[in-house]
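The values are calculated or read from the model by the stated rules, or taken from the named source; none is laboratory data. Remember, predicted model here, so these are calculated numbers, not experimental data. Virtual Cβ from ideal backbone geometry, glycine too; neighbours counted across all protein chains shown. Ligands, DNA and RNA are stripped out before the accessible areas are found, and what is left, the full protein with its side chains, is counted by its heavy atoms. Shrake-Rupley method; radii C 1.70, N 1.55, O 1.52, S 1.80 Å.
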Amino acid sequence: MKVWYCPTPEAVPGSGHPDAAVVIDVLRATTTIGWALHNGATAVHVFADLDILQRAATAVPQDKRLLAGERGGRALEGFDLGNSPVAVTPAVVEGKQLFLSTTNGTRALERVQAVPRVFTCSLNNLKAVAAQLQALAAGHVWIVGSGWEGSYSLEDSLAAGALLHSMATTLGSDPQSHCGNDETTAAAALWQVWQHNPETCLRLATHGQRLQRLGNHDADLRCCAAVNSLTVVPTQTSPGVFRLV
Ligand code: 3SL
């Protein structure tokens, strides 16, 4: 299995035919998607564009849908939820479809919508995603970081490296043997630096600092840093729609 890490949606190649794409937005979109589905949401629909989200949501009865999202880390006016993984509790999301738009994560998901298999990953579900890729016998995998408005983000690269290590452990192989580009090799090295304290890395990252400036995000940071706290693999079942299959 060869892995190409693209640190931002903009870095995703315009051509190429991977077997699977794994999208990461540790802070916080793919962490929130994982927890929402784990806690009983029936689907998460992702959108870069808010008007399209609003129109699509009207197809689902009001008592069965929740609008969720943020811009710049702040919850959106008129929406039911922001983008906090600790807010998508069973009491809030069970039996509901989420319509989610975030600054970077949902844009990254849109960028790879046409890849045959698309999964979301965070530090919470590394093992589960690695096992899924192994089961697929995927030969060519893109890992896509969400970054921040087109720039590199430390926390997504940390998780990309962690996923590479998890895949190598699952396959019983050397992580370096799976690296398709230098970005993947660098991500793998990052994980070796912070594997014993990923929350420190999340707090150092510029977006971790942004969240801390916006208010108390301790619970979110703790949740986002919890390695393998989930066993779910959010899977794209139709363009822009993620479910557990
Ligand atoms: O950038 C994104 O897509 C978000 O996950 C950012 S935030 O953590 O919700 O502010």
Of the residues in the stretch 175-227 that are touching a residue at least 60 places away in the same chain (Cβ under 8 Å) and touching a Phe, Trp or Tyr at 6+ places or on another chain (Cβ under 6 Å), the one that is most open to solvent (accessible area, probe 1.4 Å) is E183
Of (1) over 27 Å from Q195 (Cβ atoms); (2) part of a helix (DSSP H, G or I); (3) open to solvent by less than 60 Å² (accessible area, probe 1.4 Å), L126 satisfies every one except (1)
Can you tell me which residues in the stretch 203-222 are more than 19 Å from G147 (Cα to Cα) and assigned to a helix (DSSP H, G or I)?
-> D218, A219, R222
Would you tally the residues in the stretch 59-74 being more than 9 Å from the ligand (Cβ to nearest atom) and either free of Cβ contacts under 8 Å to residues at least 24 places away in the same chain or outside any loop (DSSP other than H, G, I, E, B) (or both)?
-> 9
Of all residues in the stretch 81-105, which are away from the ligand (no atom under 15 Å from the Cβ) and crowded, with 17+ Cβ neighbours inside 10 Å?
-> V92, V93, K96, Q97
Please work out which one of (1) free of Cβ contacts under 8 Å to residues at least 60 places away in the same chain; (2) of a type in the set (S, T, N, Q); (3) part of a helix (DSSP H, G or I) is the condition T103 fails and give its number.
-> (3)
Residues of the stretch 1-59 being surrounded by fewer than 17 Cβ atoms within 10 Å (Cβ to Cβ) and under 15 Å from G145 (Cα atoms), which ones?
-> E10, P13
Regarding L109, is this residue within 11 Å of the ligand (Cβ to nearest atom), within 30 Å of S166 (Cα to Cα), touching a His at 6+ places or on another chain (Cβ under 6 Å) and not aromatic (F, W, Y)?
-> no
Which residues, taken from the stretch 23-53, are more than 16 Å from the ligand (Cβ to nearest atom) and assigned to a strand (DSSP E or B)?
-> A43
